[in-house]
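The values are calculated or read from the model by the stated rules, or taken from the named source; none is laboratory data. What you are looking at is a predicted structure, and each value in this text was computed from that prediction instead of being measured. Backbone-built Cβ (ideal geometry, glycine too); neighbour counts: all protein chains shown. Just so you know, the surface numbers come from the protein's heavy atoms only, side chains and all, with ligands and any DNA or RNA stripped out. Shrake-Rupley method; radii C 1.70, N 1.55, O 1.52, S 1.80 Å.
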Amino acid sequence: MSDLLLELNALEKAYHRGRPNQINVLNGANLDVKRGEIIALVAPSGAGKSTLLHIAGLLDTPDAGEVKFQGEILNSMSDRKRTAIRRREIGFIYQFHHLLPEFSALENVMLPQLADGQSRSLAKSRAAELLSKVGIAERADHRPAELSGGEQQRVAFCRALANAPKVLLADEPTGNLDQTTSEQVFETLVSVVRQTGLSAVIATHNPQLAAQMDRTVTLKNGLLE
Ligand code: ADP
C-alpha cells in the first residue's frame with residue numbers, strides 16, 4: 001500500500017474566467033499528503049486556502065489538474081462514487097461551525113452516520129464516544145445556540161470524524177475563537193487526529209499552531225511551497 005493518501009496535482013482554478021476581472025487563484029498547485037501526516041496550510045487571507053481545501057474535499061472542481069485519493073483520480077469518477085468518498089473518507093471543518101440549529105450536539109454528530117446508512121443505536125454510541133473524546137460529553141443534549149464558540153467547534157470536529165474518515169480538511173477551524181479558546185480547541189483537535197492516525201490539512205494564520213503540525217506548506221501566487 002502506498003503511503004500517499006491524497007495527491008493534488010497541478011491544480012488550477014480561476015474565478016470570473018475569461019472576463020477582464022479574472023482572478024487566478026491556483027496556478028498549478030501540488031501537494032502530497034501521506035497517511036498519518038498533519039500539514040499546516042499557511043497563507044494570508046485571500047490567497048486561496050478555502051479554494052484549495054474545497055477542491056481537495058470534493059466540494060468544488062478545479063479548472064485543470066487532478067485530485068487523487070488512494071491512487072484513484074477523483075475528478076473523472078462518477079458523481080455517486082465521489083459523493084460516497086466525500087461522505088466516508090473526508091472530514092471537513094469550516095471556520096464557522098455550520099451545525100444544524102434545531103438538533104442537539106449528539107444528533108448533529110449522528111446525522112452523517114445515519115445519512116451513510118448506519119443504525120441509530122450505533123450512530124448514537126459513536127457520537128457519544130466522540131463528544132467524550134473532545135471533552136464535551138455533558139453537552140450532548142444541548143443545541144448549538146446553547147454552546148460556546150469553542151464547544152460548537154468541538155461538535156463540528158466530532159461531526160467531521162463521525163464516519164471515520166481517512167483525512168481531515170479544516171479551513172481555519174479556530175479562526176473565529178479568542179486566542180485562549182483557539183489554542184485549547186486546537187490542542188484537542190491535533191491530539192485526537194494523532195491518536196486516530198488520520199491525515200490532516202489544516203489552514204491557519206497562527207504560526208504557533210502551525211508549529212504543532214508535522215510540516216507547513218504555504219500558498220503563494222497560486223502555488224504550494
Ligand atoms: P482564503 O481562503 O485564503 O482567504 P479564498 O480561497 O477564499 O482565499 O479566495 C481566494 C481568492 O478568490 C480571493 O481573491 C477571493 O476573493 C476569490 N474568490 C473566492 N471565491 C470566489 C467566488 N466564488 N467568486 C469570485 N471570486 C472568488
- Message: What is the angle, in °, between the Cα long axis of helix 105-115 and the longest principal axis of the Cα atoms in the chain? Nearest 10 is fine, range 0 to 90.
- Response: 60 degrees
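Arrange the residues 87, 80 by how much accessible surface each exposes, largest first, with a 1.4 angstrom probe.
Details: 87 105, 80 205 Å².
Sorted descending by solvent-accessible area, the residues read 80, 87.
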- Query: Taking only C-alpha pairs under 8 Å that are 6+ residues apart, what is the relative contact order of the range 114-223 in percent?
  - Reply: 24 percent
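Which percent of the accessible area of the range 8-88 is formed by carbon and sulfur heavy atoms (probe 1.4 angstrom)?
Carbon and sulfur together cover 44 percent of it.
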- Message: Could you tell me the relative contact order of the chain? Use alpha-carbon pairs under 8 Å, at least six residues apart, and round to a whole percent.
- Response: 30 percent
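With a 1.4 Å probe and all protein chains kept in place, how do 136, 73 rank by accessible area, largest first?
Sorted descending by solvent-accessible area, the residues read 73, 136.
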- Quick one: length gained pulling residue 195 to residue 208 fully straight, 0.36 nm per residue minus the C-alpha distance? 2.6 nm
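Give the accessible surface of the range 1-107 per residue, rounded to a whole number of Å², with probe radius 1.4 Å and ligands, DNA and RNA excluded.
On the way: 5350 Å² over 107 residues.
I get 50 Å² per residue for this part.
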- Task: Return the FRET efficiency for the residue pair residue 77, residue 118: r is the Cβ-Cβ distance, R0 is 22 Å, and the value is rounded to the nearest 0.05.
- Result: 0.40
- Task: Using the heavy atoms of the protein chains and a 1.4 angstrom probe, tell me the accessible area per residue for the range 122-225 in square angstrom.
- Result: 45 Å²
- Message: Run the count for the chain, please: Lys pairs, Cα-Cα under 18 angstrom, 8 or more apart or on different chains.
- Response: 11
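At 0.36 nm per residue, minus the direct Cα-Cα distance, what do residue 221 and residue 4 gain on full extension? Give it in nm, one decimal, please.
75.6 nm
Kirkwood hydrodynamic radius for the range 184-224: how many Å is it when counted over pairs of different Cα atoms? Provide the component values of the computation, followed by the final result.
Working: mean 1/r = 0.0883 Å⁻¹.
That comes to 11.3 Å for the range 184-224.
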- Using every alpha carbon pair in the range 1-125, what percent of pairs falls into each 10 Å bin from 0 up to the bin containing the largest distance? 11, 35, 33, 18, 3, 0
- Item | Cα-based radius of gyration of the chain once divided by 2.2 N^0.38 Å, which approximates compact folds | 1.01
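Under a 1.4 angstrom probe, counting protein chains only, how are 103, 186 ranked by accessible area, largest first? Mind showing how you got there, number by number?
Details: 103 65, 186 0 Å².
So, going from the largest accessible area down, we get 103, 186.
Between beta-carbons, use under 14 Å as the cut-off and find the net charge around residue 166, counting Lys and Arg +1, Asp and Glu -1. Write down the numbers at each step before the final one.
Values: positive: 34, 35, 68, 86, 87, 88; negative: 3, 7, 37, 72, 89.
So the surrounding residues net to +1.
Evaluate E = 1/(1 + (r/R0)^6) for residue 22 and residue 145, where r is the Cβ-Cβ distance and R0 equals 41 Å; express this FRET efficiency to the nearest 0.05. Intermediate results must be reported in sequence, preceding the final value.
Numbers: r = 41 Å, r/R0 = 0.99.
With a Förster radius of 41 Å, E is 0.50.
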- Antiparallel DSSP beta bridges within the chain, as percent of all bridges there, nearest 5: 50 percent
- With every protein chain in place, the accessible area of residue 143 for a 1.4 Å probe, in Å² rounded to the nearest 10, comes to 120 Å²
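How large a share of the accessible area of the range 107-216, in percent, is made up of carbon and sulfur atoms when the probe is 1.4 Å and the other protein chains stay in place? If you can, show how the numbers build up before the last one.
On the way: 2260 of 4900 Å².
On the range 107-216, the fraction of accessible area on carbon and sulfur atoms equals 46 percent.
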- Query: Roughly what percent of Cα-Cα pairs across the range 84-162 reach past 16 Å?
  - Reply: 43 percent
